[in-house]
Each structure stands twice: as structure tokens, then as C-alpha cells.
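The values are calculated or read from the model by the stated rules, or taken from the named source; none is laboratory data. Everything numeric in this text was worked out from a predicted model, so none of it was measured. Heads up, the Cβs are rebuilt from the backbone with ideal geometry, glycines too, and the neighbour counts pull from every protein chain shown.
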Amino acid sequence: MRIGTISEFLNLKIIIIFILQFLIIVGSLGYKTWKERGDECIKCHSDMEKITKLGYPQFYVTDDMIKKETKHLNIKCQDCHLGNPRAKEPAKAHEGMLSIILVSEEGEKLKRIETYPYKLIPSGEDKIRNMLPQVEYDGKLHPHPQVRNVLWHDRDPITFNYDPTITKKTCGRSGCHPSEMKQFHTTIMATNLRQRTMKTWLDPYGPQN
């Protein structure tokens, strides 16, 4: 086979194809970065007048508050909560966003906006249950009558079991804690695949059948 120069194998068609491929790759990566780096979350949630008007003053937060509380200087809201950081409409901005799961006494998922649309902060002396929603009557705090348990963002909303796909999109993403995620996924808690497929306790496939 004769060895020639690169120019002998190139023509206008091949050059155009290479340029188009390059533009598609760069454009896709650029769009992904642009979409993920939006800051509409902070613009809305740091505007006390606007968020009060929407009916959620308890969700007021500023960029300085996030840095102080998370101790992550360069973290964005969507890095942990997902959602659409470029959207300006609340419904679109919160689409696909993770949220805590409130579980009823019957083991059903409750709608937080209807059940307890407030901040969850530690209260009471019971360290096991001090993050559960509480209501005040007779001058004292009492457990919320509808809420049995609170599950966090890494749970499947149907089975209530740990969902590794959520961790890969959030805490375990590149640049965050991928090594910790990889280590956790070797533990018994993370690898209990059978339990993660259970939807109820009492069905034939459940642990209490």
C-alpha cells in the first residue's frame, strides 16, 4: 500500500462532514452546559416579595445561604435537586425536581403541598423523630397525624427503596462524590435488589407475605 499525504485522502465532502461533526459535538456539550448552569432558582427564591406572593415565604434562600449551609462554594441548586434551572415558570422549573417523600400511616405517598408545605427543621427531644413534621396544639408540638415517616431524595417514590439512578444524577455525578457512590453501591444496603422491587409489605412478593 502506497503511503501518501493526508491531502490525497481529503476532499471537500469529507472536510464538510468533519466540520459538521465537530460543530454538533461542541454544540451539544455547550447546550448541556448552558442548560445546567441556569440560575433562575436563586433569582426566584432570593426574591422575598415574589416568593411571598407565590405563597411560600418559608422557601426563601440566597446564594450566600446555600454556600454557608452546604459548605459547597460552587454548587448549584440543580446539582442536588435536579429540575430545570433555566425555566422561569414555577411548574416548569420544578418539573423533574427531587423532593422529600412524606409517607402516611397506610404506607402511601402524601402530597407535600397539601399535607405539610413548610420547612422541615429539627424539633423536640426525640432525636429519631425530630425531623418529622409536627403541629402545635394546646401549646405543645405533636407529631403530624397524617405523617408516619419522611424519606429523602434518593428513594423511589413508588417502592420507597434506595434508587441508585438518582444518586448517579446528583451526589455521585462527576466532580462531586463518585467514589463514595461507588463504595456505597458495594454495601448490602445498596445491593438489596430484591427489596427495591417490592411495592408493598403484604403482597406475595413482599417481606411480610
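In table form, for the structure just shown:
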quantity	calculated
Qualifying positions in region 134-169 - of a type in the set (Phe, Trp, Tyr) and over 25 Å from ASP79 (Cα atoms)	TYR137
Filter pass, LYS88 being in the same structural domain as THR62 (by TED's automatic domain parsing) and over 16 Å from the mean Cα position of the chain (by Cα)	yes
Single match in ILE19, ILE75 (criterion: under 21 Å from TRP152 (Cβ atoms) and not charged (D, E, K, R))	ILE75
Test: residue in region 97-113 that is more than 23 Å from HIS45 (Cβ to Cβ), under 21 Å from the mean Cα position of the chain (by Cα) and not aliphatic (A, V, I, L, M)	yes
Residues of region 169-197 satisfying the condition of being of a type in the set (A, V, I, L, M, F, W, C), modelled with pLDDT under 85 and farther than 13 Å from ARG155 by Cα	ILE188, LEU193
Matching residues in region 108-132 - criterion: being part of a helix (DSSP H, G or I), surrounded by fewer than 13 Cβ atoms within 10 Å (Cβ to Cβ) and not aliphatic (A, V, I, L, M)	GLU114
Within region 155-179, considering residues that are within 11 Å of the chain's Cα centre (by Cα) and in contact (Cβ under 8 Å) with a residue 12 or more places away in the chain, the one surrounded by the fewest Cβ atoms within 10 Å (Cβ to Cβ)	LYS168
Among (1) outside the structural domain of HIS45 (by TED's automatic domain parsing); (2) part of a helix (DSSP H, G or I), the one test that VAL103 misses	(2)
